[in-house]
Each structure stands twice: as C-alpha cells, then as structure tokens.
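Visitor: Before anything else, here's the structure in question.
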Amino acid sequence: MSVASAILPELAAQRAEPARRSAPRALYHALLQPEPDADTRTRAAHHLRRCLLQTAGQPSDLPERPQDLHAWRERNAQQVAAQYEAYLAERRAGGARRYFGNRAHALHFLRAVAPTKLVDGAWLYGLTAHAENVRLAPLVHTYLEELGDGAPSKNHVLLYRRLLARHGIAVDDDGSLPDALYQQGLIQLALGWNAEEFLPEVIGFNLAYEQLPLHLLITSYELNELGLDPYYFTLHVTVDNGHSGHARQACDAVLGLLPRHGDTQVFWQRVRAGARLADAGVGTTQVIRDFDIGAEVLRILAAKAPAGHGAHSNYCRVAGRSVNDWLADAAQMPQFLQALVDSGWVVPDAPPHQSRFWRLLQGERAEMFGVFSAYELQVIHDWLRGEGSSDGQAWDERGAANQSPRRRPSFRAMQRAARVDDGNTAVAQPLPLDPDIPAFEERLRPLQGAARRAALVAAMAPGEHWTPTGLHATRLFRAEGLC
Ligand SMILES: [Fe+2]
C-alpha cells in the first residue's frame with residue numbers, strides 16, 4: 001500500500017479559507033431555508049438559465065415527438081433490464097462487485113451523493129401550491145410520495161438522513177465535500193423554488209429523473225451484499241417502475257400538460273432542455289470511480305489535525321518528532337502517514353489489529369476511542385487491510401481479528417434474522433415531542449382556505465418537509481383533500 005502523495009485540492013482550499021462557501025453551495029443552503037427571500041429565488045433562476053445554456057448543445061435521448069414518449073420509456077426499461085440481467089449473470093459466474101471495492105467505498109458513495117439525496121423530490125415542490133389544477137395534480141402526488149405522504153418511515157429525505165446517521169456520516173454540511181457535488185441538488189432546489197417560470201423544464205427534469213437507471217439496481221444489490229441497508233435505493237426501484245410508478249406517471253404528466261392553445265413544439269423543446277439538467281453535475285458512476293481511499297484517509301486525518309494538535313503528550317513521538325508537531329499543520333499528513341508506516345505504527349495490507357495505530361482507536365482501553373466516527377473508522381480499517389478489505393468486513397465486526405474468510409450475510413439476511421420492524425405504522429402515531437409542533441398548531445388553528453393551504457405548503461418545502469412539523473403538515477395536506 002502506498003501513501004497518497006497529495007491532499008485533495010478541495011481540502012487545500014478548505015484549509016485556506018474554511019468559513020467561506022462557494023456561491024453554488026451557499027445558494028444551495030439558502031434555498032434550504034424555510035422561506036428563501038425573493039433575491040435568493042432570483043439568483044436561483046439565474047443559475048438555472050446558466051445551466052440551461054451550458055447544457056443546450058448536449059444530445060438528448062428523448063424522442064423528437066412527445067407522442068413517442070411511452071415507446072421511448074419502454075425501450076429504455078427493456079434495455080436497463082437486459083443490462084441488469086447481464087450484471088447478475090456476471091456476478092453469479094463469480095465476478096467481482098462492479099461498483100464498491102469495499103465497505104468504505106460504499107459508505108463514501110452514500111456521503112458523496114448526500115447533497116443530492118437530501119433534497120430528493122425538491123424539483124416538484126413549486127407545484128404543490130397549484131395542486132387544485134387537475135392537470136398538475138399527478139405531479140403533486142409524485143411530490144407527496146417523495147415525502148412519504150408524511151410517514152417518517154417513507155419520507156425519502158428522512159430515510160437518507162437516518163441512513164447517513166447510522167453510519168456516522170455527517171448529515172449537515174461540514175465543508176468537506178467538493179463544491180461540484182452540490183450542483184445537482186442546487187438545480188433541483190432552484191427548479192422547486194421557480195416552478196412558475198420554469199414549468200416545462202420542471203416537467204422535463206421530472207421525466208428524465210424518474211426513469212429507472214441501471215446504477216440504481218446495481219447500487220441496491222451491492223449495498224445489500226455489503227450488509228448496508230439498501231432500502232432508500234430499493235424504494236426507488238419500486239416507486240420508479242415503468243408499469244405504474246413514477247417513470248410512467250412522468251410520461252403521462254408530459255402528455256397531459258402539452259399546451260392545447262399555445263405552441264406545443266416550443267413547450268416540448270423546453271421539456272427536453274429540462275430533461276438535460278438531470279445529467280448536470282457529477283453523476284453516480286463518476287462519484288464511484290473517483291473514490292481514492294488513500295486520499296480519503298488523508299482528508300480524515302487532516303480534518304482531525306487542528307483538534308489533535310496540542311492534545312497529545314510530548315512523549316508521543318513518531319520519526320523523532322512529537323505528534324503535536326506533526327499535527328500542527330494539516331498539510332503534513334502525507335508525510336505523517338508515511339512516518340507511521342516507516343516506524344511500524346501502521347502495518348499496511350494486514351489485519352488492522354496488527355497496527356499499533358488501530359489499537360489506539362479500537363479495543364480495550366483504546367486511548368483514542370471516540371476520536372473517529374464510524375465512517376472514518378471504516379475508511380481507516382479498509383485502508384489498513386488493503387486488498388483484503390474486498391470481503392466487505394465492517395470495522396466493528398465480531399471476530400474481525402481472526403480474519404476468517406467467509407461469506408458475509410447481506411443486509412436483508414441480517415434483517416430477517418433480527419426480525420426488524422420497519423415502523424410503517426407511523427402515520428397513525430401521535431405527534432412527536434418537538435419544539436416546533438405546538439407553535440405550528442397554534443398558527444394553523446385560525447387559518448382557513450387559501451391561507452391554511454399556504455401555511456401547509458410552506459411547511460412542506462424541501463428544507464422543512466422531513467421535520468416533525470413538515471411531516472405533520474404533509475399528512476394534513478393529504479387528509480384535508482388539498483390535492
Ligand atoms: Fe425519492
């Protein structure tokens with residue numbers, strides 16, 4: 001195993017100016033506020049226009065005529081099914097996982113796509129205020145399904161937040177992800193907050209985004225194989241199905257909304273332009289290809305350096321220098337890591353317990369217990385094990401020290417063994433204890449008609465709908481027949 005020689009450029013930028021957020025990332029967060037102001041929404045609209053210009057020349061695989069949409073959808077679905085069947089055959093014949101080399105790789109993927117997954121469905125938000133329009137209602141229903149109709153166990157964003165938290169991955173932006181990973185989520189938020197101006201583009205984006213891609217099937221399969229909960233992804237395999245799910249509904253929505261009085265061709269070209277936006281930013285397979293476990297270990301150590309500097313005794317020395325001295329400058333992490341290897345603190349390509357460094361992090365009386373999150377421990381664990389980590393072993397797996405080669409149980413197998421209840425009865429449960437619920441109830445009580453609808457719609461915004469108040473508002477929106 002070689003120590004990566006350079007820290008990621010994003011990390012260097014982060015060190016230089018940790019407090020500053022790039023314009024797209026700042027806009028992403030501004031659009032996640034409960035009610036972005038007019039200036040923020042205008043900036044989001046400008047951003048969309050820029051993205052539309054940038055993607056205008058790119059090829060579109062949509063048919064020339066909207067009437068051919070269903071044939072296009074069926075052709076795509078058949079193609080994906082055939083490709084997935086080939087993938088399964090490859091795996092049955094003993095082929096290696098196609099996406100995730102080890103468990104750290106899979107968790108890194110969950111982390112890297114989080115800015116997109118945490119705004120899932122946002123592009124349709126702007127239509128909820130117009131749910132009484134019968135032609136828009138199917139798309140509002142799609143949005144409500146993204147929100148799990150207010151059930152915590154079905155709300156896509158909440159499911160993803162829980163998935164991240166379960167594996168010790170930061171849910172809130174700690175500035176450690178590259179700006180490029182915010183691009184797709186920003187487009188989705190910008191569409192959601194500017195639906196009135198970009199209605200054809202919203203419909204087109206939805207059309208492209210809701211088709212079942214091959215990567216979703218493979219991701220689900222390999223997460224499960226690695227013992228990681230694939231539910232967020234399998235849920236999308238089922239809700240996006242071409243027969244009755246979102247994929248078909250998205251085609252029906254385009255056909256149902258084609259202008260009866262305006263210029264259909266202009267509208268259709270704008271739908272196609274909106275569809276191209278679904279490919280903007282860093283794609284799933286690109287994120288997976290870009291994983292570099294050595295660089296990720298360096299990033300993790302560099303992020304810990306400011307807190308670790310001064311926290312060690314001066315007796316702690318590596319290669320003749322105190323650990324405090326090594327940690328004084330995060331840019332020294334590649335050299336520090338190499339010094340750990342050279343001095344025998346880290347034993348590459350071996351069971352982690354053979355490294356003194358790992359024994360500081362884990363085990364009886366580990367002196368650095370709790371310093372690293374579960375995600376960070378998995379990355380360090382898999383980096384230490386090198387090629388051996390391809391067996392998918394979890395960092396805290398019992399008997400890990402024995403390194404016995406055996407087939408790991410899939411997530412579903414473990415779930416069956418544990419008889420886990422997925423908690424799908426949440427809709428009927430009483431309101432949870434939350435500081436915002438009483439105030440929201442108080443505000444809602446005197447409201448009727450349009451004012452009440454507006455208050456509920458506001459609480460169902462992309463940054464709000466996954467909270468107890470947002471879920472409550474979603475259930476009321478449904479129960480009061482507002483869509
Ligand atoms: Fe979703």
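The values are calculated or read from the model by the stated rules, or taken from the named source; none is laboratory data. What you are looking at is a predicted structure, and each value in this text was computed from that prediction instead of being measured. Counting neighbours? That spans all protein chains shown, and the Cβs are built from the backbone with ideal geometry, glycine included.
Visitor: If I filter region 188-201 for residues that are among the small types (Gly, Ala, Ser), within 15 Å of the ligand (Cβ to nearest atom) and part of a helix (DSSP H, G or I), do I get at least one hit?
Guide: Looking through region 188-201, at least one residue is among the small types (Gly, Ala, Ser), within 15 Å of the ligand (Cβ to nearest atom) and part of a helix (DSSP H, G or I).
Visitor: Same structure, new question: Kindly list the number of the only condition in (1) in contact with a helix residue (DSSP H, G or I) (Cβ under 7 Å, 6 or more places away or on another chain); (2) surrounded by fewer than 19 Cβ atoms within 10 Å (Cβ to Cβ); (3) at pLDDT 85 or above that fails for Ile293.
Guide: (2)
Visitor: Residue by residue through region 115-139, note down the ones that are away from the ligand (no atom under 15 Å from the Cβ) and either closer than 27 Å to Asn224 by Cβ or crowded, with 21+ Cβ neighbours inside 10 Å (or both).
Guide: Passing the criteria: Gly126, Leu127, Thr128, Leu136.
Visitor: From the list Gln249, Gln269, Gln265, pick out the single residue that is of a type in the set (S, T, N, Q) and within 16 Å of the ligand (Cβ to nearest atom).
Guide: Gln249
Visitor: Quickly run through region 351-401 and pick out the residues that are crowded, with 17+ Cβ neighbours inside 10 Å, outside any loop (DSSP other than H, G, I, E, B), under 25 Å from the mean Cα position of the chain (by Cα) and not charged (D, E, K, R).
Guide: Selection gives Tyr375, Leu377, Gln378, Val379, Ile380, His381, Trp383, Ser389.
Visitor: Just to be sure I understand, how many residues within region 430-457 are touching a helix residue (DSSP H, G or I) at 6+ places or on another chain (Cβ under 8 Å) and small (Gly, Ala, Ser)?
Guide: Total satisfying the criteria: 2.
Visitor: Still on this structure, I have one more. If His29 passes every condition in (1) at pLDDT 50 or above; (2) not small (Gly, Ala, Ser); (3) not assigned by TED's automatic domain parsing to the domain that holds Gly185 but one, which one does it miss?
Guide: (3)
Visitor: Please verify whether Arg103 is away from the ligand (no atom under 14 Å from the Cβ) and at pLDDT 95 or above, treating the condition exactly as stated.
Guide: Yes: the conditions hold for Arg103.
Visitor: Can you tell me which residues in region 156-187 are assigned to a helix (DSSP H, G or I) and away from the ligand (no atom under 16 Å from the Cβ)?
Guide: Just the residues of region 156-187 that are assigned to a helix (DSSP H, G or I), to begin with: 156-166, 179-187.
Selection gives Ala165, Arg166, Asp179, Ala180, Leu181, Tyr182, Gln183, Leu186.
Visitor: Looking at (1) buried (at least 17 other Cβ atoms within 10 Å of the Cβ); (2) within 16 Å of the ligand (Cβ to nearest atom); (3) more than 27 Å from Cys251 (Cα to Cα), can you tell me which one Ser153 breaks?
Guide: Just one mismatch for Ser153, condition (1).
Visitor: Test Ser220 against the criterion of being outside the structural domain of Trp466 (by TED's automatic domain parsing), assigned to a helix (DSSP H, G or I) and either within 21 Å of Ala106 (Cβ to Cβ) or in contact with a Cys (Cβ under 6 Å, 6 or more places away or on another chain) (or both), and give yes or no.
Guide: The answer is yes for Ser220.
Visitor: Same structure, new question: Evaluate the following for His215: is it closer than 26 Å to Pro409 by Cα, surrounded by fewer than 20 Cβ atoms within 10 Å (Cβ to Cβ) and not hydroxyl-bearing (Ser, Thr, Tyr)?
Guide: yes
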